[in-house]
Amino acid sequence: MPDERREEAIRTRRVWTVPNVLSMLRLAALPLFLWLVLGPEADGWALVVLMLSGVTDYLDGYLARRLGQYSTVGEILDPVADRLYILAVIIGLALRDVIPWWVAVALPLRDLLLWGLVPILRTRGYSSLPVHFLGKAATFNLLYAFPLLLLGEGDGVVATMALVFGWAFAVWGIGLYWWAGVLYAWQVRKLLATTERRVVPRG
């Protein structure tokens, strides 16, 4: 049993795993995407970066399960990469007038409100809540919406269809994103009602 606990501790402390490297690559691609969209306006290459980012978002979770490469770093890095990805993309697309500013405000506002709950969670000994299925579903919709909306900036039937499906994914994604936020807030409320305040000893 001690050996199993030692192996578990080593496993959760690992940093250089395949899923973590994919999350890091996704983060590294964000400045490249912003430059492509706002600089030369190379929408084709920006679209490729978006698609690859979406693929890596799927792969890091799949490979973590498949290879058993779970880690504490990965549990933090993956959602952080998702949030920064969404933030960077909506800023870039809003500055290009691909999406309206109310979309660019609605998504970060939800995250800002949830971050405000973190100090409350810490009074109960928690730093965060487990990722909810609705939150992952919202992220999935948004990851599909942004490339389609960018593709919809072109001309022709393909661009028109991309715009229609892109907004369909975007509306569902925004709705689910906020619904998941409400559920997170409700979980915090229940936690406060059922868990005693954690007293941190003073040194």
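Taken together, the values in this text are just the output of simple stated rules run on the coordinates, not laboratory data. Being a predicted model, the structure only gives us computed values, none of them experimental. For neighbour counting, all protein chains shown are included, and Cβ atoms are generated from backbone atoms with ideal geometry for every residue, glycine included.
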Original post:
How far is helix 157-194 tilted off the main Cα axis of the chain, in degrees rounded to 10, range 0 to 90?
Top reply: 20 degrees
Original post:
Which ³J(HN,Hα) values in Hz, rounded to whole numbers, follow from the phi angles of the range 96-102 under the Karplus curve 6.51 cos²θ - 1.76 cosθ + 1.60, where θ = phi - 60° and Gly and Pro get x?
Top reply: 8, 6, 6, 10, x, 5, 5
Original post:
Which cross-chain or sequence-distant (5 or more) residues have an amide H under 5 Å from the amide H of ARG14, H modelled 1.01 Å from N in plane?
Top reply: THR72
**OP:** Hey, could you grab the Kirkwood Rh for the chain? Inverse mean 1/r over distinct alpha carbon pairs, Å, one decimal.
**Re:** 18.6 Å
Subject >> Pair-distance profile P(r), taking every C-alpha pair of the range 133-185, with 5 angstrom steps and integer % >> reply: 5, 25, 24, 17, 12, 8, 5, 2, 1
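Among residues other than ASP57 whose Cβ falls under 13 Å from its Cβ, what is the net charge (Lys/Arg +1, Asp/Glu -1)? Please list the in-between numbers first.
Values: positive: ARG26, ARG83, LYS136; negative: ASP60, ASP78, ASP82.
Taking every other residue near ASP57 into account, the sum is 0.
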Subject >> Note, ³J(HN,Hα) from phi for the range 50-59, Karplus 6.51, -1.76, 1.60, rounded to Hz, x at Gly and Pro >> reply: 4, 5, 5, 5, x, 5, 5, 5, 6, 5
**OP:** Using θ = phi - 60° and the Karplus relation 6.51 cos²θ - 1.76 cosθ + 1.60, list the HN-Hα couplings for the range 141-149 in order, rounded to whole Hz, with x at every Gly or Pro.
**Re:** 4, 5, 5, 7, 5, 5, x, 5, 5
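Which of the peptides 136-149, 24-37 is most tightly packed, and how do the rest follow, judged by the mean count of other Cβ atoms within 10 Å per residue?
Values: 136-149: 21.4, 24-37: 17.3.
Output ranking for 136-149, 24-37: 136-149, 24-37.
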